[in-house]
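Working notes for the structure below.
Read-outs throughout are calculated quantities, based only on the coordinates presented, and are distinct from any laboratory measurement. Everything numeric in this text was worked out from a predicted model, so none of it was measured. Cβ coordinates were reconstructed from backbone atoms using ideal geometry, including for glycine residues, and neighbour counts include every protein chain displayed.
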Amino acid sequence: MLTERDLRRALFCVIELHERQRRKEAPGRAPWTPEMIEKLCRAIAEVSQPRQSEADGKSHSKHADKLLTARQVSARLGWGVRRVQRRAAELGGELIDGRLLFSSAAIDEHTGGTQ
């Protein structure tokens, strides 16, 4: 059985591969990477220790939805990457295995759902 740490490492690797392919820095195409990223996020959400009581039956994990990189958030918001990095706390950014990642839902909430 994979631990939460193992799943986060796998997620980091898949996101890195996906980003390199998108930038054409890695050979080939792996159309499965976006789906794998979503599956790993769901798996992490399932094995993560809940931060709040789950008495209401809902998952409180920040990782249950799609994760975005600072570059993706900057494109969504029309900001520079550095501005996104400086405002990471305000945008709900989280360091996961050394990468600054943002919840898609949190970014949508920040923009008022206009994206």
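Note on THR3/ALA30: beta-carbon distance plugged into 1/(1 + (r/R0)^6) with R0 of 22 Å gives a FRET efficiency of 0.35.
Extending 7 Å from Cα along the Cβ direction at PHE12 and again at ARG42 yields two label points whose distance is 2.4 nm.
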